[in-house]
Amino acid sequence: MTHEQMNPTIGRILENIEKVMIGKRNVAELSLVALLSGGHVLLEDVPGVGKTMMVRALAKSVNAKFRRIQFTPDLLPSDVTGVSIYNPKELEFQFRPGPIMGNIILADEINRTSPKTQSALLEGMEESSVTVDGVTHRLEKPFFVMATQNPIEYEGTYPLPEAQLDRFLLKMKMGYPDVNEEMEVLSRAQRTTPIEELESVIDLNDLRELQENIKLVTVDDTIKRYIVDIVNGTRRNSSVYLGASPRGSIALMKAAQAYAYMYKRDYVLPDDVQFLASYVLAHRIILKSEAKFEGISAEDVLERVLARVPIPVQRLVK
Amino acid sequence: MNGGKLQSKILNMWLYICGFFLLWEWLRPLKQLTDTANLTVFIIFLVISLVLAYFKVNIFVRNGIKLLYVLYTINLLYFEDSFFKLKWLFYMTDSVIENMRVVFQGNWMSLTDDFRSILFFILLGLMAYLLRYWLISRRQIFVFFFMTLLYITVLDTFTPYEAQFAIVRTIVIGFALMGILTFYRILDREKLQMPAAFARKWLIPLVGMVCVSIIIGYAAPKASPIWPDPVPYIKSYSQDTREDGNGTGGIRKVGYGIDDSTLGGPFMPDDTVVYETEADHRQYWKVETKDVYTGKGWVTAEENGEKIAFAQGEEFPISNYTDEEMTVDERTATIRPFLQYPHIIYPLGLKFVENDIGHSYEVDLSLEKISGADLGNLSGIGQYTVEYESPRFSVRGMMSTVDQNHPLLTEDFLTRYTQLPDELPERVRDLALELTQDKENWYEKAKAIEDYFGRVDFQYDQKDVAVPGRNEDYVDQFLFETQKGYCDNFSTSMVVMLRSIGIPARWVKGYTEGDFRGMTDSGKRLYVITNNNAHSWVEVFFPEVGWVPFEPTKGFSNNAQFTFDLDSEQPSQQDDVLEAPEAPEVDKPEETDAPEQSAQTSFSWKDTFDKTTQFLRTNWLWFAAAIAVLTLTTYILYKKRLKWLPYFLIFRYRRRKKDEDFPEAYIALLTQLNRYGLKRNQEQTLREYARYVDHYFSSGEMSALTSTYEQYLYKGKLQEGSWENTKELWENLIKKTIA
């Protein structure tokens, strides 16, 4: 895909992010895909690989309000959503918005907090609104959550239930930089805190326009069929206990639209779908325990499914 | 490791041994079925070939040894000189050259034995090579195993070869081979070494399985065949109508032949023209008569009976009539044979046979069969003319005979013409007695039996006709069980019934008068006789008259002439017989009675089917040739498609102008690239594939073309002029695939 030309605006955003993030273009692209298609991202990785940097750079590039929530076991829902406080002067309750009232939210170590608090965030993600003391507060658009969870520690964690994992458009791993990249990281760290120097490329209105444009990207019936075949493939696979839901199909389509747009196309290719399938679907399928014991991962399953679904090379005959 | 190698060698040896036995099964029947007298030398050759192959002897040494063996054997079998004198080698070379000439002439029968043996050695060598290829290289034997089974079962069915044990042997060997080979294939596929224990683990259940399947197969109840014996059916299909059945090596010749020893079974219509006759009158044509009934069919008492030659103008030496005063009509007829039979057909009362080339004839007194003398110089009998006195049989004369007390009815004569097999079931005779109990004389008795076959119980049928089983009598089966059949059933039954009550009778073979085709200029009636007109009927001996023909077959009418020189109380039926009007004659009389006949004018599947089969039968050679040529052409075209298909594609799409043709052209290109060897996996996207293709051809054409196609396919739109713009790219790519 790298041979293809990029949409110039998006290209500039990515370049901007790359000023502070060395390597990790893939993660940046995927995050942008999620942002542009109105979805959210779940990052599964160890601390210290630059997750925060990544999100902050992204927020800065699009001139969005960035908020960070560090989840801990004792965090309460109101710490996320905000709280109404009685103002004796005014003789009434006043709403003090919580950290969720931003555009781009980093929800760090989401699996460390109680399900109750998790669901406050997840409600916001799904409904684009939060309810505090019976009053519903709309969240400002765009609203983009990048949640992280640490796969290493299991003690005292509350893994996200499968139904809630479904709320994330993409799940990905950041991974360590390679040797050269890491050396470059060190060199840059010697000089400044690079994030401070970053300037925004577009503003929120531009971002909203981009989001609207993406909805216009053509998804031909051949592609829809291809997506459905893949999702069906996950449902039929012998290692899978529960395959991806129709919500998964929708997510895959939306992500593909954003990805196509990113590459300056107004139509989706099977290549887009293939590339995204694993990121979009892997966290939406539940493997059988036998498969887990055999060391088969959801990504493996998707790889097999993709190898079995033929690429459409002729138009559907109706 | 070493153990594994040894194991592998031993297994290979087993493969060779089993393979040898499988090949041996092909050779076994040869001794019985062909004139191959000395099979052992071939078997030894096979052993040598396989042993040499097993030890992977150098190819020159291997072929040298084989050649030496072949030469030695040829010398031993066919040449008197000592092997080391070498002079015989020249003779052999001469013989080979001579035989090659014969081969090119297509004169297969003249090949000499030594050459045939050499050819057979070569064939065996090839077979041994193939076997090695299958067993060691391909590790697959099923096809050969299956062919072997087919070969043996076919031989078992159609020849005297009894293959009971051969089948069991083949199954055992085949299963064992397939089992070992499967083992090998698994080893190859999984890239495993072969520990000895593993081989044993495989072999023990294999042996067990083979044993169990054999035991089950042996012990299981076997359904009796659901067809009647197919052999007569196949025979009736045969085109081979020649009568000289003395083929080499026990292969039975089939068709209208001298062999009537096993009657029964269905036959197919065949309207190959055999004779054309010009005659004054409708009459049957005789070929021969038979006198000994075996219970299954007819043979003749004297295999090589006395023959009397008679030349042109000499009177035919046999007279079948004792009635000196019999009224006769003098007649002549001309017969033109279409097939080269050594015998001729002749009418009742034959006097003279004449032909233009002054050819003479001889008659077999026992069969009353006339053949051309010294036929060696002639390709057959040409047109000939018969002069004959067509008899009018005196009914009074016939009716005057009531018993065997007559000077002409000598004991020898009676023994010969009232012969019946001892096993003939008693109920045949009982039936004959019952039918004739209130008839006084032989004529009435014969008529009664003849008429009996006219009853509705009896059906004329050519297809659904039984063959008597081992312990069944042909006549008994027809009379009491099937009651379905054709002329042979009817005539044989009548002869047997007459004989059972002491009336001398014999079985006559020949042809009916044929199909009337109009009048000739000389005022004669022109008939065409086809194989469908082959017929058999009955002759009964009346001492006062002679041999009188009777016609028991349903739907046929006797056209012998009778004079009613007595105040006849005979029913009008006699007149029918006498005059024999334009009855629906010959061949498919029963069909005319069949229900479907009501729709005579409309389309009939059966007719169409018959006609089609008939057409195919007469033209099968052309069809076979056409199919062969077609197959070959198709095969070559298919094989060479990489060479011509690109040109065709370019030619086809170059003329297209519309953008709508672009997708089709693109798909054609994909197919062509695939054919060329650039395979696209099903999960490979067009873009990836295009890059792969471009990388292969070091160009960017496919990607450019693909991006246009992607717009059509995934966006549903084509820009105007897409095809015009990309045509060149497309053509370039197609051209690149020209092999």
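When you scan region A:292-309, do you find a residue that is within 14 Å of chain B (Cβ to nearest Cβ), part of a loop (DSSP other than H, G, I, E, B), over 30 Å from A:P8 (Cα atoms) and among the polar types (S, T, N, Q), even just one?
Applying the first criterion (within 14 Å of chain B (Cβ to nearest Cβ)) to region A:292-309 yields A:302-309.
Right, trim to part of a loop (DSSP other than H, G, I, E, B) and you get A:309.
Still in the running and over 30 Å from A:P8 (Cα atoms): A:309.
Filter once more, keeping what is among the polar types (S, T, N, Q): none.
No, the conditions are met nowhere in region A:292-309.
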Of all the residues that make up region B:77-108, how many are outside any helix (DSSP H, G or I) and either farther than 19 Å from B:V41 by Cβ or within 30 Å of the chain's Cα centre (by Cα) (or both)? 3
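Which one is nearest to B:K658 (Cα to Cα), of the residues in region B:711-739 that are assigned to a loop (DSSP other than H, G, I, E, B) and not charged (D, E, K, R)? Steps first, answer last, please.
Pass one, region B:711-739, residues assigned to a loop (DSSP other than H, G, I, E, B): B:716-721, B:737-739.
Retained after the next criterion (residues that are not charged (D, E, K, R)): B:716, B:718-719, B:721, B:737-739.
Details: B:G716: 16, B:L718: 11, B:Q719: 12, B:G721: 8, B:T737: 24, B:I738: 25, B:A739: 29 Å.
Looking at residues that are assigned to a loop (DSSP other than H, G, I, E, B) and not charged (D, E, K, R), I get B:G721.
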Candidate set: region B:440-450, residues that are modelled with pLDDT of 85 or more and of a type outside the set (A, V, I, L, M, F, W, C); chosen: the one nearest to the chain's Cα centre (by Cα): B:E450
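Residue-by-condition table, conditions (1) touching a residue at least 60 places away in the same chain (Cβ under 8 Å); (2) of a type in the set (D, E, K, R):
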| site | (1), (2) |
| --- | --- |
| A:A107 | no, no |
| A:P151 | yes, no |
| A:G156 | yes, no |
| A:P161 | no, no |
| A:D166 | yes, yes |
| A:L186 | no, no |
| A:R191 | no, yes |
| A:S200 | yes, no |
| A:Q211 | yes, no |
Working only within region B:470-480, note down all residues that are at pLDDT below 85 and of a type outside the set (S, T, N, Q). B:R470, B:E472
Looking only at residues that are surrounded by 13 or more Cβ atoms within 10 Å (Cβ to Cβ) and among the hydroxyl-bearing types (S, T, Y) in region B:618-670, which one is farthest from the other protein chains (Cβ to nearest Cβ)? B:T618
Within region B:706-726, take every residue that is more than 9 Å from chain A (Cβ to nearest Cβ) and under 16 Å from A:D271 (Cβ atoms) and give me the one that is surrounded by the fewest Cβ atoms within 10 Å (Cβ to Cβ). B:S707
Output for region B:685-700, where each listed residue is crowded, with 19+ Cβ neighbours inside 10 Å and either under 16 Å from A:Q314 (Cβ atoms) or more than 57 Å from the chain's Cα centre (by Cα) (or both): B:T685, B:L686, B:R687, B:Y689, B:A690
Applying the selection to region B:112-139, what residues are surrounded by 16 or more Cβ atoms within 10 Å (Cβ to Cβ), farther than 14 Å from B:L67 by Cα and hydrophobic (A, V, I, L, M, F, W, C)? B:F115, B:M127, B:A128, B:L131, B:W134, B:L135, B:I136
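Is it true that A:Y241 is surrounded by 16 or more Cβ atoms within 10 Å (Cβ to Cβ) and either away from chain B (no Cβ under 14 Å) or at pLDDT 90 or above (or both)? Even if it seems obvious, please write down each step before you answer.
Values: surrounded by 16 or more Cβ atoms within 10 Å (Cβ to Cβ): no; either away from chain B (no Cβ under 14 Å) or at pLDDT 90 or above (or both): yes.
Criteria not met by A:Y241.
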Quick check: is even one residue across region A:260-279 more than 24 Å from A:K173 (Cβ to Cβ), within 10 Å of chain B (Cβ to nearest Cβ), among the charged types (D, E, K, R) and in contact (Cβ under 8 Å) with a residue 40 or more places away in the chain? yes
The one condition B:L86 fails out of (1) surrounded by 12 or more Cβ atoms within 10 Å (Cβ to Cβ); (2) more than 30 Å from B:L6 (Cα to Cα); (3) aliphatic (A, V, I, L, M) is (1)
Restricted to region A:206-232 and to residues being in a helix (DSSP H, G or I) and hydroxyl-bearing (S, T, Y), the residue nearest to the other protein chains (Cβ to nearest Cβ) is A:T222
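The values are calculated or read from the model by the stated rules, or taken from the named source; none is laboratory data. These numbers come from a predicted model, not from an experiment. FYI the Cβ positions are ideal-geometry reconstructions off the backbone, even for glycines, and counts take in every protein chain you see.
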